[in-house]
Every structure is written in structure tokens, then in C-alpha cells.
Amino acid sequence: MKNDDPIYVAQPTMPPLEEFIPYLEEMWRTRILTNGGPFHAKFEAALCEYLGVKHISLFNNGTIALLIALQALRVTGEVITTPYSFVATAHSLLWNGIKPIFVDIDPESLNLDPGRIEAAISPQTTAILPVHCYGHMCDVDGIRAIAETYGLKVIYDAAHAFGVRTESGTILDYGDLSVLSFHATKVFNTFEGGAIVCPNNTIKKRIDQLKNFGFIDEIHVVMPGINGKMSEFNAAFGLLQLKRLDAALQRREAIDARYRKLLQGIAGIRCLPPGIEATPNYAYFPILVQQAYPLSRDGLYQKMRERNVFARRYFYPLISDFPMYRNLPSAAPANLPNAGAVAETILCLPMSSNLSEGDVDRVVSCIAD
Ligand SMILES: Cc1ncc(COP(=O)(O)O)c(C=O)c1O
């Protein structure tokens, strides 16, 4: 890479094109393009094995998977969620006619703070929708305790958490359902794609029907489903992607370590501490630009852009500041001081398995010089 080539916040990991050609030839031969074809079946099985989960339902993207996860559990009324996420998290509630209730985040983990959930529960509350932000595990025990006490469902937005493991297994086993995204910017991508991790075959079957218009057989439609199916192209690509995933994750770990080493000692720059998970996925590299730094966060963001380095302000603005949410009482900035403070100082540095050591050094030099 030339020294001034653009460096983007994320760049998809992709296999060599020639390795994908045989998969395409197979599709051209069978002419099965979608509706649960052979690649779809193989990819579901391979993902279950890789992730260490029992049942998974594939989707065309993570947003539709979130919408369907809420439908499948018949979530209604009010749902407690975080303002510090990608906007799709809360949009999935509005699309289901559910009122989001924003609760502040923990200032260290940047995940929903279980200590603040109880006060936000009303007679209408039916579920909690937390996010494993940046792939860092939520306080799953704290959230489970509250959910059990109040009889609430828990759906984890695990869009950032592909491959994250705890001491005892996958992070995707917590809650009633977990939702993944395989968008191009994610640790694991299928161009576009997503999935719901299901605890048993009964709920998987219902989810499979919901993502296929509500068909239960050739002529019976028993619910108002949607088209959330993953195509054979995306499934085949995912199958191929799995082969190189471990190498990509190792590369991310090395980049994370290099950033931490090089950024150490720069006054006013704080790296987010590692999460509590046993096996992280190094999905993002967020820093907090604090007062001791000579530039504001936006000043640094601009300076980097001028040097062709495209960091991103994930997550700014807060979801609760967007027009369709900001009039909700729970969206008031006074209710969300931690999320508000982090949104003003956060900057995600470029992170992908394609970054060279020289690229990382160039990103850091924008911050240090
Ligand atoms: C936290 C979070 N939730 C949901 C989504 C939506 O996923 P998708 O883009 O696959 O629809 C994304 C990312 O795009 C995300 O970052």
C-alpha cells in the first residue's frame, strides 16, 4: 500500500476470487439460487459447528433478523435497550410497534448497565434488548437476574460478537435469542447477511417460517411473515469465508496489540479496556479522546481524514438523539449521561485483517504527531 492510500475504518476480509468460482459453477449447474438450497443447509451446519451452537436460522441481513426475533418471541409493549448502538437496534422495535425505553450504559464496558434497568421497568415492559457493543460481553448474569425476576425475555443484539467465547462456551447461548450480522463491515461477512441463534428446534422452525412469508408448507400461510431468506450466493460465500476466519481473527489480535502498544503514553488518548470475554474477536478498536489531548475528538477525526485515514465516530449521535426517538422521555440526555459523554469522545480507528503494520503505524502517527 502506498503511503497515502486511503485507510478505511473497516475493510472486508475476502477469499481469493478463484476459490469462489467452483461454488458459482455449482449454482449455475443446479440453478438453485435461494429458498433453502444445498449451500444454505451446509452453511447452517458449518456455522453451528464453528460457533458451538445447536440451532441457527440464516437471514438476508441482521436487521430483518432482529425484527423477526422480536416477532418470534411475541414481544410487545415496551422494551429496554441501549442508546449506544447502531440505529438498527432501536429501529427493529419501532418496526414492531414497540416503544424503546433507553437505559444508560456502564461507563467502562459501554454496555447496558443492569443496575439501571429495574427503575425503567413498567407494567408494559416485556423484554430487554441489550447489545454486546464492539463484541464486548454484556453483564449477562446481571441482565438474566433482572429478566428472571420480572419475567422478561432477553434478545441479545450480537451483531458485533461473532466468534466471541466465554470460559464455558459461546457468548451466543445467553438470553432467549441472539442475533448476528454478517454485513460487509463485520468480523465475518457474507456481503450482506445475518442469523438468529435459537435454543431449540421448535423456535427455529417458527423463525424459519416467519422469514419465508409465514409458509408452513406449499399452500398454507399461517402468519404474516416477511422475506428474510439468505440466498445461495451469500451462503456459499459464508461457507468459504469460514475457512480463513481463524487466521483473520489472529491478525486482528496482533493489530489490537500494536495499537495498544503504540498509543500508550499519548496524553489524552484512552484505549477502551478489553472486555470480560475469554476469547475476544477484536471487532473494533475504539479510543476515547479526552480533555488532555490537544484536539477535540472531531478535530482529530478531521485531521485524520485530511491524511486519508477514515476513522468513524461509532456511536455518535446516540440513537436516542435521532428525530424518531428524541421526544421519548427515556431519550432525555439527563437520563443517559454516560452514553452522552462517550458519544462525544469516542473514535473507532481502522481495524481489519487486511491492515499491515505500516498501516497501523500511519494511523497512530496521525494521532501522535
Ligand atoms: C449493533 C448492530 N445491530 C444491528 C446491525 C444491523 O445489521 P445489518 O447491517 O446486517 O442489517 C448492525 C450493523 O450493521 C449493528 O452494528
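The values are calculated or read from the model by the stated rules, or taken from the named source; none is laboratory data. Keep in mind it's a predicted model, so treat the numbers as computed, not measured. As a convention, Cβ positions derive from the backbone with ideal geometry for all residues, glycine included, and neighbour counts pool all protein chains shown. Just the protein is used for accessible areas: all its heavy atoms, side chains included, with ligands, DNA and RNA removed. Shrake-Rupley method; radii C 1.70, N 1.55, O 1.52, S 1.80 Å.
Summary table
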{"quantity": "Förster-model FRET efficiency, 25 Å R0, Gln250 and Phe20, C-beta, rounded to 0.05", "calculated": "0.65"}
{"quantity": "Gained length - Phe213 relative to Asp5, 0.36 nm times residue gap less alpha-carbon distance", "calculated": "70.4 nm"}
{"quantity": "Residue-span extension gain [Leu242 to Lys42] - 0.36 nm each, minus C-alpha spacing", "calculated": "70.8 nm"}
{"quantity": "Where trypsin sites (Lys or Arg not before Pro) fall in DSSP loop in the range 1-85, at most 13 other Cβ within 10 Å", "calculated": "Lys2, Arg31, Lys54, Arg74"}
{"quantity": "Largest-first ordering by accessible area, 1.4 Å probe, given options His183, His132, His220", "calculated": "His220, His183, His132"}
{"quantity": "Viscosity 1.567 mPa s, 4 °C: Kirkwood-radius Stokes-Einstein D of the range 259-330 over Cα pairs, µm²/s", "calculated": "88"}
{"quantity": "Largest-first ordering by accessible area, 1.4 Å probe, given options Lys205, Lys153, Lys229, Lys211", "calculated": "Lys205, Lys153, Lys229, Lys211"}
{"quantity": "Point-charge dipole on Cβ atoms (K/R +1, D/E -1) for the range 23-145, about Cα centre, debye to 20", "calculated": "580"}
{"quantity": "Order of exposure, largest accessible area first, which applies to Tyr293, Tyr314 with probe 1.4 Å", "calculated": "Tyr314, Tyr293"}
{"quantity": "Label-point separation in nm, Asp298 to Glu357, each point 7 Å along Cα→Cβ", "calculated": "3.8"}
{"quantity": "Positive minus negative residues near Pro274 (Lys, Arg vs Asp, Glu; Cβ under 12 Å)", "calculated": "-3"}
{"quantity": "Among beta bridges that DSSP assigns inside the chain, antiparallel share in %, nearest 5", "calculated": "60"}
{"quantity": "Debye log10 I(q)/I(0) for the range 285-369, one point scatterer per Cα, at q = 0.25 Å⁻¹", "calculated": "-1.19"}
{"quantity": "Heavy-atom accessible surface of the chain: percent carbon and sulfur, 1.4 Å", "calculated": "54"}
{"quantity": "Alpha-carbon Rg/Rh ratio, for the chain, with Rh computed the Kirkwood way", "calculated": "0.97"}
{"quantity": "Cβ-placed point charges (K, R +1; D, E -1), dipole of the chain about Cα centre in debye, nearest 20", "calculated": "360"}
{"quantity": "Cα gyration tensor shape of the range 1-71, rounded if a/c is under 1.5, else prolate or oblate by comparing a/b with b/c", "calculated": "oblate"}
{"quantity": "Full-extension gain in nm, Val87 to Ile32, via 0.36 nm per residue minus C-alpha separation", "calculated": "16.4 nm"}
